[in-house]
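**Q** Supplied in structure tokens, the structure appears directly below.
Values quoted throughout were computed directly from the atomic coordinates according to the rules given, and no laboratory measurement underlies them. The model shown is predicted, which means the values in this text are computed figures rather than measured ones. All Cβ positions, even for glycine, are placed from backbone atoms using ideal geometry, and neighbour counts span all protein chains on display.
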Amino acid sequence: MIDKRVRSLAEAVAGIRDGAVVLCGGFGASGQPDHLIHALIEQGAKDLVIVSNNAGAGHTGLAALLDAGRVRKVICSYPRSAGSVVFERLWAAGKVELELVPQGTLSERMRAAGAGLGGFYTPAGAGTKLAEGKEQRVIDGRLYVFEKPLKGDVALIRAERADRWGNLVYRKAARNFNPVMAMAADLTVVEVKETVGLGALDPEAIVTPGIFVDRVVEVGDPL
Amino acid sequence: MIDKRVRSLAEAVAGIRDGAVVLCGGFGASGQPDHLIHALIEQGAKDLVIVSNNAGAGHTGLAALLDAGRVRKVICSYPRSAGSVVFERLWAAGKVELELVPQGTLSERMRAAGAGLGGFYTPAGAGTKLAEGKEQRVIDGRLYVFEKPLKGDVALIRAERADRWGNLVYRKAARNFNPVMAMAADLTVVEVKETVGLGALDPEAIVTPGIFVDRVVEVGDPL
Amino acid sequence: MKPLSRRQIAWRAAQDVADGSYVNLGIGLPTLVSDFIPPGREIVFHSENGILGVGPAPPKGEEDRDLINATKQPITLLPGGCFFTHSDSFAMIRGGHLDLALLGAFEVSERGDLANWTTEDPEWPPGVGGAMDLAAGAREVRVLMEHTTKEATPRLRRRCTYPLTAAHVVRRVYTNLAVIDVTDEGLLVREIVPGMTLADLQAVTEPTLRLADDWRPLEAPAV
Amino acid sequence: MKPLSRRQIAWRAAQDVADGSYVNLGIGLPTLVSDFIPPGREIVFHSENGILGVGPAPPKGEEDRDLINATKQPITLLPGGCFFTHSDSFAMIRGGHLDLALLGAFEVSERGDLANWTTEDPEWPPGVGGAMDLAAGAREVRVLMEHTTKEATPRLRRRCTYPLTAAHVVRRVYTNLAVIDVTDEGLLVREIVPGMTLADLQAVTEPTLRLADDWRPLEAPAV
């Protein structure tokens, strides 16, 4: 019997260790798993490496996690957002490390981890400062930079609906990084608006097959 | 105004040149664009390179194209199928070339072409005869083989429904290679069971966004 | 001495498939395994053509050309099952998301090397399908095969005589005569059909066999 | 001499967007372009967070947190629009499927080099977002920017002073003073605001400008 539903947010984030690489879904606030992030703050893990497109805004979600001093490093494409203040302050003070990755490379590095590939060549960033120290290669007349897989110890993601097998559908553009992160972590934890019965999701419209999911917690609307 | 619908199969396959690399969707008969393939036989292009998972069965579809002597080379993972006879005969007689590619590598090479990547490292086939002559590399203690993008001049695919923007949904496991081939060709031609009005397809359940599609022809049921 | 039938080999392999696991069944003999999963276990079967949740064969007359497994036989979809593209299917395979792949083989070596894609017959085209991806990517690979060829040549070899699918991947082999584990110290016989001695088994096996201390008779019901 | 307003720069760029094209609008100034597409043209706007078919901003009070553009402003979805993952979104971008990317910039060089991701300000974290992917992958890249900084420093440079986003990619630049093409022979002024001479424009531009034989006045309606 497969039942990936857990009963509490505490159970959902149990076992996340200090120093863990945590993939956090969302593009800005949309699709960001704020319930899980706040549960992670409660849970207490520290020295975290956060992989996310942005680095939080205001004082909730990732910004709250940063503000609580739990994050050693952020790997993202765009740390600034409208209303972001915490990351800027910590970064300028040298209190958090930043690895800046082009957005498509960020997504593709996680896909490579999830898909069992050893790395890939992308034209994005080739020849620029962000490619310094990386292997670069001309393939069929064009310059590419070699990028390695980026795997998470944990992925925290948000979806709209899930069944007990962990099949997921998303809401509009809240999909964004969530499906690729689900593939790319040893432990994938999902907060969902609601859970539904097995077979209730259209098999042709499931976006994340349950094979990529470990824990599902029902939380209702976003924070 | 965007309207990718064309009125005839002849119009759908117009302009495919001798020597073209033609990606053909389907896994066995499921999702194979037989209407388009038969139109291609009518159209007359020859010396074709066919990329498909299988190499046809019986005497329709790819088998008919092969039988008509139009195919110089087949790039596939598994040329034999239940009921396949034509490819075996031509291959044993030295009349068609075979490039055998592991199924996941076949799919991934096309995805790389469609996604603008210069190539990738896969563990599948590393150290085997199929990796001979290819770059191999140990990454994080594991042996990988470098595989390059595989781009089509044309993709012939089958979907269930399309709108005039070329958005596509598929039927059950007939999806298979069709979406990745749609991404990977200069000209993507789709046969569909039916066309529907713009906005009739659920924006969260569209599998192939129209940006990957050039021509749509309504043909009803498969041959 | 009574060798197992092909269906009994599949039955025996099915007994070891853990509840809740994600399993790919290779073409041929392994596809029979799903018929023999012990009641009460919920297994999610993966088919390389883009299906999770493969169910039993449909009743005669209810076959659907778009519901087929890797062998292209008709199947059904269980509630909770879903469809996805070949890209995603092989991301699951290569990315280590499958708990188990049960594969057929021409030969297995005492080091766990697998040969199952070509006999280098000049009259018969080779076919690799998803075998190299499965062998490289599944968390565990087990093989189902007849202990010898029709000509009584051992299929368990010191070194494979056919080109490899992958090196060092097979962990357990189910044959019509025995259940054998591949260990760092070579082949270890776990089960052997009643009436057969280790010496009898050794006579049809190339590498040296050892008998497990806790070996048992290999018995299967009439299935 | 009357420089264009920011909205007028966007208006001018919008006039050149061809009917039926797939277009990505970078964050900031370029996002205004969609407001000024001439009637009768059907353009599919792409947003990096996984949307094709971006429509106008919603009426006040009807904003949806899961319908946002790259700048994280509220948008709507047109009929025919759809949602997809970041992986697919950047496959579109890098894979050459977008006809046009309209981007903002800090600087553009006379060779078409683009700098728009960092000013290397130690107090202000850099952000690359999707800029390097768009610059590398879109079929055509055009830039919208003020002709000079607030301190009257030219943004059109012989060589960019800031780290590059990509080399040799910008084909046309729309500023508040001129429309300028990047050609193999350097910068070619196509349009210039009435009352300004080439010498006036040259005075606020670092590289040498040439005036096109068929140059026109740069005029925009009040928008």
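**Q** Report the residue, chosen from A:Thr128, A:Thr105, A:Thr208, that carries the largest GNM mean-square fluctuation when chain A is represented by alpha-carbon nodes joined by springs under 10 Å.
**A** Evaluated over chain A, the most mobile residue of the options is A:Thr128.
**Q** Return one number: the angle in degrees, 0 to 90 and rounded to the nearest 10, between the long axis of the Cα atoms of helix B:34-43 and the longest principal axis of the Cα atoms of chain B.
**A** 90
**Q** Here's a follow-up. Placing +1 at every Lys and Arg Cβ and -1 at every Asp and Glu Cβ, with all other atoms neutral, what dipole size does chain B have around its Cα centre, in debye to the nearest 20? Present the calculation step by step, with values, prior to reporting the outcome.
**A** Details: 27 positive and 26 negative charges, 78 e Å.
The calculated dipole for chain B is roughly 380 debye.
**Q** Quick one: dipole size for the protein assembly as shown, taken about the Cα centre, charges +1 on Lys/Arg Cβ and -1 on Asp/Glu Cβ, in debye to the nearest 20. All intermediate terms of the calculation are to be shown ahead of the outcome.
**A** Numbers: 98 positive and 112 negative charges, 105 e Å.
Computed charge dipole of the protein assembly as shown: roughly 500 debye.
**Q** Where the label is 7 Å out from Cα toward Cβ, how close does B:Lys193 come to the same position in every other copy, in nm, shortest first?
**A** Going from nearest to farthest copy, the values are 2.8 nm.
**Q** Taking every alpha carbon pair in the protein assembly as shown, what does the distance histogram look like in 20 angstrom bins from 0, in percent?
**A** Going from the shortest bin to the longest, the percentages are 15, 45, 32, 8, 1, 0.
**Q** If the reach is capped at under 21 angstrom between alpha carbons, list the lysines near B:Lys148, excluding any in the same chain fewer than eight residues apart.
**A** A:Lys134, A:Lys148, B:Lys73, B:Lys129, B:Lys134
**Q** Taking a temperature of 37 °C and a viscosity of 0.692 mPa s, what whole-number D in µm²/s does Stokes-Einstein yield for region B:67-118 with Rh from Kirkwood over alpha carbon pairs?
**A** D, rounded to a whole number, is 264 µm²/s.
**Q** State the answer as a single residue: which of C:Leu164, B:Pro79, A:Val138 lies farthest towards the positive end of the charge dipole of the protein assembly as shown, with beta carbon charges of +1 for Lys and Arg and -1 for Asp and Glu, about the Cα centre.
**A** Farthest towards the positive pole: A:Val138.
**Q** How large is the charge dipole for region C:6-217, taken about the Cα centre, if only the Cβ atoms of Lys, Arg (+1) and Asp, Glu (-1) carry charge, to the nearest 20 debye?
**A** 200
**Q** Above 27 Å lies some portion of the pair distances; for region D:6-217, what is it as a whole percent of all C-alpha pairs?
**A** Working: 6887 of 22366 pairs.
Every Cα pair in region D:6-217 considered, those over 27 Å come to 31 percent.
**Q** Next up: Could you identify which residue out of B:Pro33, B:Pro179, B:Pro102 has the top mean-square fluctuation in a GNM of chain B using Cα springs shorter than 10 Å?
**A** Fluctuation is largest for B:Pro102.
**Q** Compute the separation of the alpha-carbon centres of region B:1-73 and region C:152-178 and state it in Å as a whole number.
**A** Taking the Cα centre of region C:152-178 as reference, the centre of region B:1-73 is 39 Å away.
**Q** If the cut-off is 19 Å between C-alpha atoms, which aspartates and glutamates fall inside it for A:Lys46, apart from same-chain ones fewer than 8 positions away?
**A** A:Glu11, A:Asp18, A:Asp34, A:Asp67, A:Glu97, A:Glu99, A:Asp153, A:Asp186
**Q** OK, next. Could you tell me the relative contact order of chain C? Use alpha-carbon pairs under 8 Å, at least six residues apart, and round to a whole percent.
**A** 20 percent.
**Q** If you wrap a convex hull around the alpha carbons of region C:18-106, what volume per residue comes out, as a whole number of Å³?
**A** So the per-residue Cα hull volume is 109 Å³.
**Q** Right, another one. Can you give the relative contact order of chain B as a percent, counting alpha carbon pairs under 8 Å and 6+ residues apart? All intermediate terms of the calculation are to be shown ahead of the outcome.
**A** Working: 551 pairs, mean separation 52.0, N = 223.
Answer for chain B is 23 percent.
**Q** Let me ask something additional. Arrange the following residues from fewest to most other Cβ atoms within 10 Å of their Cβ: A:Arg164, D:Arg171.
**A** Going from least to most buried by this count: D:Arg171, A:Arg164.
**Q** Which one of A:Ala184, A:Ala55, A:Ala124 has the biggest mean-square fluctuation once chain A is modelled by GNM with Cα springs under 10 Å?
**A** In the Gaussian network model the winner is A:Ala124.
**Q** Of all DSSP beta bridges in chain C, what percent run antiparallel (nearest 5)?
**A** 50
**Q** Just how many % of Cα pairs in region C:63-174 lie over 20 Å apart, if you round to the nearest whole percent?
**A** Working: 2969 of 6216 pairs.
Roughly 48 percent, rounded to a whole number.
**Q** Against the longest principal axis of chain A, how steep is helix A:103-115, in degrees 0 to 90 to the nearest 10, with axes from Cα atoms?
**A** 60
**Q** At a Förster distance of 56 Å, what's the computed FRET efficiency of C:Asp213 paired with A:Lys95, Cβ-Cβ distance as r, to 0.05?
**A** On the way: r = 58 Å, r/R0 = 1.04.
The calculated FRET efficiency here is 0.45.
**Q** Also, quick follow-up: When DSSP assigns beta bridges and you keep just the ones with both residues in region A:16-129, what percent turn out antiparallel, to the nearest 5?
**A** About 10 percent, rounded to the nearest 5.
**Q** Kindly flag which residue pairs out of A:Lys4/D:Lys72; C:Lys2/C:Lys150; B:Lys4/B:Lys193; A:Lys172/D:Lys60 have an alpha-carbon separation exceeding 24 Å in this structure.
**A** Exceeds cut-off: A:Lys4/D:Lys72.
**Q** Where both partners of a DSSP beta bridge lie in the protein assembly as shown, what percent of those bridges are antiparallel, to the nearest 5? Could the numbers behind the result be given before it?
**A** Values: 65 of 162 bridges.
So the antiparallel bridges in the protein assembly as shown amount to around 40 percent.
**Q** Compute the distance from the alpha-carbon center of region D:1-44 to that of region D:73-115, in whole Å.
**A** 14
**Q** Once the label point is placed 7 Å from Cα along Cβ, list for B:Gly44 the distances to the corresponding points in the other copies, in nm, shortest first.
**A** Here the equivalent label points are 8.0 nm apart from this one.
**Q** Compute the long axis of helix D:6-15 from its Cα atoms, compare it with the longest principal axis of the Cα atoms of chain D, and write down the angle in degrees, 0 to 90, nearest 10.
**A** Approximately 80 degrees, to the nearest ten.
**Q** Using the 10 angstrom Cβ neighbour count as an exposure proxy, how do A:Lys151, B:Lys134 rank, fewest first?
**A** Ranking A:Lys151, B:Lys134 by Cβ neighbours within 10 Å, fewest first, gives B:Lys134, A:Lys151.
**Q** Once the Cβ-Cβ distance between B:Arg7 and C:Glu63 is put in as r, and R0 is 35 Å, what FRET efficiency do you end up with, to the nearest 0.05? List each step's numbers first, then the result.
**A** On the way: r = 33 Å, r/R0 = 0.95.
For B:Arg7 and C:Glu63, the calculated efficiency is 0.55.
**Q** While we're looking at this one, here's another question. Projected onto the charge dipole of region C:6-217 (+1 at Lys/Arg Cβ, -1 at Asp/Glu Cβ, origin at the Cα centre), which of C:Gly104, C:Gly137, C:Gly81 gives the Cα projection farthest towards the positive end?
**A** C:Gly104
**Q** Past the 15 angstrom mark, what percentage of all C-alpha to C-alpha distances in region D:68-132 do you count?
**A** Every Cα pair in region D:68-132 considered, those over 15 Å come to 69 percent.
**Q** Please report how far the C-alpha centroid of region B:145-223 lies from that of region B:79-127, rounded to the nearest whole angstrom.
**A** 21
**Q** In Å and from the alpha-carbon atoms only, list the Rg and Dmax of chain A.
**A** Rg then Dmax for chain A, in Å: 17.4, 55.
**Q** Could you give the radius of gyration (one decimal) and Dmax (whole number) of the Cα atoms in region B:110-211, in Å?
**A** Radius of gyration, then largest Cα-Cα span, for region B:110-211: 17.3, 53 Å.
**Q** With n ≥ 4 as the cut-off for DSSP H runs, can you work out [θ] at 222 nm for chain B, using -39500 (n - 2.57) per run divided by the number of residues, rounded to the nearest 500?
**A** One gets -5000 deg cm²/dmol as the mean residue ellipticity at 222 nm.
**Q** Every other copy gets compared here: list the nm distances from the B:Asp18 label point (7 Å along Cα to Cβ) to its counterparts, shortest first, one decimal.
**A** Between copies, matching label points for B:Asp18 lie 7.3 nm apart.
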